[in-house]
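A short write-up of the structure that comes next.
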Amino acid sequence: MSHNSFGHLFRVTTWGESHGAAIGCVVDGCPPRLALTEADIQPFLDRRRPGASRFVTQRQEPDQVRILSGTFEGLTTGTPISLLIENQDQRSKDYGEIKDRFRPGHADIAYELKYGIRDYRGGGRSSARETAMRVAAGAVARRVLEGVTIRGALVQMGDDRIDRAAWDWAATEENEFWCPDRGAALRWEQRLLEARKSGSSLGAVIELVAEGMPPGLGAPIYGKLDADIAAALMGINAVKGVEIGEGFAAAALTGEANADEMRMGPDGRVLFGDNHAGGILGGISTGQPIVARFVVKPTSSILTPRLSVDRFGQEVEVTTRGRHDPCVGIRAVPVGEAMLALVLADHLLRQRAQNPDAPSEARLPRN
């Protein structure tokens with residue numbers, strides 16, 4: 001199976017399956033002499049860890065990461081960084097009933113048609129279990145992005161959106177949904193309990209914001225920063241849509257409303273009146289906050305019987321048992337943060353390589 005690596009100068013390759021012995025990744029291209037230990041990575045994995053609350057899958061995985069290579073005395077050496085997490089709570093028997101059946105909404109049928117073989121135990125390689133290694137690699141990328149803040153929040157669950165006037169980043173650390181609106185978090189708690197009790201699931205929208213990025217990241221044609229961000233977020237399990245800045249809502253704006261007006265501030269700095277562009281113009285960062293959102297579909301693993309077919313061409317009913325997230329969007333928040341960090345670290349190193357004297361902020365020379 002190809003296409004298990006992404007990035008250019010900061011490159012990540014992941015490996016492993018949901019019910020295999022372990023999962024892991026190799027991070028290549030990380031600069032030397034950056035402080036890095038397991039303690040720098042573990043907090044991000046703990047945010048994504050299964051079994052952490054009653055609103056996520058109850059699979060009990062400690063997700064304890066080990067650094068196998070690429071560091072010495074707490075510093076990166078510039079050589080490949082190998083990271084490992086052992087799987088400890090596989091229950092493959094939960095999937096015995098569907099080993100010959102294709103679960104609606106899952107990659108089962110697509111894998112079978114492509115490879116002629118699939119690991120039915122929790123989805124194998126297509127499982128969201130693999131995203132733990134993206135989060136681990138993203139923690140390494142954050143060491144490259146010194147001074148940059150990357151945060152994510154759940155802004156919609158099902159058809160219930162947050163009140164943006166009530167947005168408080170501190171609230172995302174106070175509830176189990178990474179929700180910036182305390183009132184919405186209370187509503188979602190009841191709604192998700194009802195969905196889980198009925199054997200159903202809900203979708204979600206996650207918003208990511210990166211602050212402190214310099215201008216100049218990205219290239220005008222085939223290396224657009226927003227295109228790479230969209231590809232990285234679209235590559236997360238269950239994601240069905242991505243938007244940058246105003247996104248699809250820009251279609252309802254006029255040219256005057258959508259234009260982010262500029263004026264000169266002190267010391268030659270360029271000040272923007274708004275950020276409809278999400279911090280990216282022409283595929284290149286402007287120095288404003290980078291804003292992206294992505295849509296996660298309702299979890300396809302549900303207890304409600306659904307019509308399908310099996311490997312022998314028979315029509316069947318499928319009920320997916322086991323331990324699943326009633327809203328996979330909750331644990332997608334730290335995954336989205338990690339993917340954004342990986343793209344930004346890669347583009348930052350590309351910018352440094354091509355243009356080492358580039359400004360660190362949006363500043364113009366004065367006459």
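The values are calculated or read from the model by the stated rules, or taken from the named source; none is laboratory data. Every value quoted in this text rests on a predicted model; they were computed, and no experiment measured them. Glycine gets a Cβ as well: all are built from the backbone with ideal geometry, and neighbour counts include every protein chain shown. Surface accessibility is based on the protein's heavy atoms, side chains included, excluding ligands, DNA and RNA. Shrake-Rupley method; radii C 1.70, N 1.55, O 1.52, S 1.80 Å.
Observations
- The chain, helix-only ellipticity at 222 nm - DSSP H runs n ≥ 4, -39,500 (n - 2.57), divided by all residues, nearest 500: -7500 deg cm²/dmol
- Where chymotrypsin sites (Phe, Trp or Tyr not before Pro) in DSSP loops with at most 16 other Cβ within 10 Å are excluded, longest remaining stretch of the chain: 1-166
- Residue-normalised accessible area of the chain, expressed per residue, 1.4 Å probe, Å²: 48 Å²
- Cα-projected label distance for residue 269 with residue 316, points at 7 Å along beta-carbon direction, nm: 6.2 nm
- Computed from backbone phi, the HN-Hα couplings of segment 211-218 come to 10, x, 6, x, x, x, 7, x Hz, rounded to whole numbers (Karplus: 6.51 cos²θ - 1.76 cosθ + 1.60, θ = phi - 60°; Gly and Pro given as x).
- D_trans [Stokes-Einstein, Kirkwood Rh over alpha-carbon pairs] for the chain, 10 °C, 1.306 mPa s, µm² s⁻¹: 73 µm²/s
- Inverting the pair-averaged 1/r between distinct Cα atoms of segment 222-336 gives 17.5 Å as its Kirkwood hydrodynamic radius.
- Cα gyration tensor shape of segment 94-252, rounded if a/c is under 1.5, else prolate or oblate by comparing a/b with b/c: oblate
- Whole-Hz ³J(HN,Hα) from phi, Karplus 6.51 cos²θ - 1.76 cosθ + 1.60, for segment 101-107, glycine and proline x: 10, 9, 6, x, x, 9, 7
- Modelled label positions at residue 304 and residue 38, each set 7 Å beyond Cα in the direction of Cβ, lie 4.3 nm from each other.
- Partners for residue 297 among lysines (Cα-Cα distance below 25 Å; same-chain residues under 8 apart left out): 99, 114, 197, 240
- Projecting label points 7 angstrom from Cα along Cα→Cβ for residue 211 and residue 360 puts them 1.8 nm apart.
- Kyte-Doolittle mean at least -0.5, axial Cα span of 24 Å or more - DSSP H helices of the chain: 329-354
- Computed lengthening from residue 117 to residue 99, 0.36 nm per intervening residue step minus Cα-Cα distance: 5.4 nm
- Look at the alpha carbon pairs under 8 Å that are at least 6 residues apart: their mean separation over the length of segment 163-210 gives a relative contact order of 22 percent.
- Protein accessible area in the chain, 1.4 Å probe - carbon and sulfur %: 52 percent
- Kirkwood-Stokes translational diffusion coefficient of segment 113-193, alpha-carbon pairs, 10 °C, 1.306 mPa s, µm²/s: 101 µm²/s
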